[in-house]
1. Please sort 176-189, 65-78 by packing, taking for each peptide the average over its residues of neighbouring beta carbons within 10 angstrom, highest first.
2. Using unit Cβ charges (K, R positive; D, E negative) and no other charged atoms, how large, in debye to the nearest 20, is the dipole of the chain about its Cα centre?
3. Take the alpha-carbon centre of the range 106-166, take the same for the range 201-216, and report the distance between them in whole Å.
4. So between A219 and E203, what do we pick up on full extension, going 0.36 nm a residue minus the alpha carbon distance?
5. Between R212 and E120, take the C-beta separation as r, use R0 = 30 Å, and let me know the FRET efficiency to the nearest 0.05.
6. Rg and Dmax of the range 207-248, Cα atoms, in Å?
7. With a 10 Å radius around each residue's Cβ, average the other Cβ atoms per peptide and rank 147-155, 246-254, highest first.
8. Calculated FRET efficiency, A276 and K196, Cβ-Cβ r, R0 51 Å, to nearest 0.05?
Amino acid sequence: MLAGIGGRIVEGGIVREGSIEAVDHVAFGNGRPLAGRIADRTGRRYDASGAPVFDMVDGVALIPIEGTLVHKGAYVGAVSGRTSYEGLQAQVLRATRNPAVKAAVFEVDSFGGELAGSFETADMIARLSAAKPTLAILTDHALSAGYLLASAARQIIMPEHGRAGSIGVVTLHADWSAALERQGVKVTVLRAGAHKMAGNPFERLGDDVAQRMIGDLEAARQSFAGRVGRYRGTRFSAEAALATEARDYRGADAVALGLADATGHALEAFDGFVAAINRGRLAS
C-alpha cells in the first residue's frame, strides 16, 4: 500500500533502496483526464458508452473492492492495483437505482487506502444495504478503509485465514533535514502565515504540529468507529471498534468479536447468496 499511495501520505513520496529506476514519464503528457466526482461524471460516461459498470449474475450485482483504495479515478474496478472511490460510487449508485438489480455482492480484498472519499462511499453502500440485500465476501482481507466499506454491507463472510479490522488511521512524517545537511543541502522555508507548510519534510516536526496531526487522526478514528458501529448494529458497537485499537483479526476471531458474520469459502458463499435471492429467501 505504501508503494501505491506513498506520495499521498508522505510529502515527496517514499524511496526504497534497491528499487528499480523511476520510469521516464511525463504525467498527463497527452492531456489531463477528468477525475471529478461531482455530478457522477464517471458513471455518466459509462452510461453513454453502453458499457456496464459491474458484472451481474442472476440479478445480483458483483462489485469488487480490491487493492489500494484512492479518492479519485475515472474508472471502475481495479486498475494497476488501485480501486477508486469515484468508480465505486458510480457502481453503488447504479446498483441502488436499477430495478433489475435484486441484490449486491462486494468482493473485498484490500488493505485500505485514502481517508478522503471513504466515509462518503461507505455511507452510499449503507444506503444500498437499506434498500436491497448486500453481502461482503472477503477474498481474503478487509483492513482499514477496506473494512469500513465491507462493514456497510448487511453481512460479511470471510475465509478461515483471512483478516478483518484495522479500524484506525495513520499518516507518516519523514524528516529529511539531517540527511540533506550531510549532503551539503540546506533548505530554507520562507512562509507568510505561521502554519504554512507545517509538517513539511525539510524541517523537524514540532511537538505542537505533531499533536495537532494526532488530534486529526483520532477524530477520523472516532468517525470510522462510529460508522462501523452504526452499520454493524448490535453485532459490533462503536465502543468495541475503538477497543480494538486498530488491531486486525483472523477468521474465527473476527466472527467471535462481531467484525464478521461467518467464515466460509467465497465461491460457495456467492452461489448460496445468489440462489437465496432468486428463491426469494432474502427480502429487501
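Read-outs throughout are calculated quantities, based only on the coordinates presented, and are distinct from any laboratory measurement. Since this is a predicted model, take the numbers as computed values, not measurements. Every residue, glycine among them, receives a Cβ derived from its backbone with ideal geometry; neighbour counts consider all protein chains shown.
1. Working: 176-189: 10.5, 65-78: 21.1.
In descending order of packing, they fall as 65-78, 176-189.
2. 940 debye
3. What the calculation gives is 31 Å, centre to centre.
4. Stretched fully, the A219-E203 segment lengthens by 3.2 nm.
5. Working: r = 24 Å, r/R0 = 0.80.
Approximately 0.80, to the nearest 0.05.
6. Values for the range 207-248 (Cα only, Rg and Dmax): 12.1, 39 Å.
7. Numbers: 147-155: 26.4, 246-254: 17.7.
Output ranking for 147-155, 246-254: 147-155, 246-254.
8. Details: r = 57 Å, r/R0 = 1.11.
Here the calculated transfer efficiency is 0.35.
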